[in-house]
Amino acid sequence: MSVQRIEEELAARLVAKLKDTGLVATVYTAGEYAQVEEQSQVHPAAAVIYNGYRPGDEVGQGIQQAVEFEFLVVLVTRNASDFATGGGARDDVSPIFDALLPAVIGWRPPIEGAGFPSPFRLAQASGAQVSDAGFAYWPVAFTIRRSYRGSN
């Protein structure tokens, strides 16, 4: 299992559920998105970004331990009607957000042998940000857990 593989599977899922249905113009992986300058980014868009991990429950004094991986799906919109507050961008993001949640919550990436005991779950994320260029960024966080067994 690799974080990159989960990111790729999640991005592919969003292509099928958001891009192919016309809700977003593109879906970026973190590496792709890091290379895009703000003014030239395609929008509306979704960017899949690994956001770290948290240790979970352990069994047998640390012999087996769960790890919760977090991914952000940052929805990017831009609407010239209200750059200062992002009001127009807020209207634009609503149908994307409404399609994103059922596309990811409860879904398990089809990674052979990865052993994910839990599907993706919604997690808390920070609020939206609006840039001086009028782009609004809406982070939505999801977590997925996997258990690892140590060796002696």
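Numbers below:
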item: Principal-axis tilt of helix 87-104 within the chain, Cα atoms, nearest 10 degrees; result: 30
item: Convex hull (Cα only) mean projected area of the chain, reported in nm² to one decimal; result: 9.8
item: Estimated [θ] at 222 nm from DSSP helical runs (n ≥ 4, -39500 (n - 2.57)) normalised by residues in the chain, nearest 500; result: -7000 deg cm²/dmol
item: Å² per residue, accessible surface of the chain at 1.4 Å; result: 54
item: For region 11-57, radius of gyration divided by Kirkwood radius, i.e. Rg to Rh on alpha-carbons; result: 1.10
item: Other-chain or far-sequence residues with amide H under 5 Å of residue 125's (modelled H); result: 141
item: C-alpha long axis of helix 3-14 to longest principal axis of the chain, angle in °; result: 50
item: In Hz, Karplus ³J(HN,Hα) per residue of region 44-60 (6.51, -1.76, 1.60; θ = phi - 60°; x = Gly, Pro); result: x, 8, 10, 10, 9, 9, 5, 10, x, 9, 10, x, x, 4, 10, 10, x
item: Carbon plus sulfur fraction of accessible area for the chain, probe 1.4 Å, in percent; result: 48
item: The chain, relative contact order in percent, only Cα pairs under 8 angstrom and at least six apart counted; result: 24
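The values are calculated or read from the model by the stated rules, or taken from the named source; none is laboratory data. Worth saying up front: this structure is predicted, and the values here are computed from it rather than measured. SASA here: full protein model, heavy atoms, side chains in, ligands and nucleic acids out. Shrake-Rupley method; radii C 1.70, N 1.55, O 1.52, S 1.80 Å.
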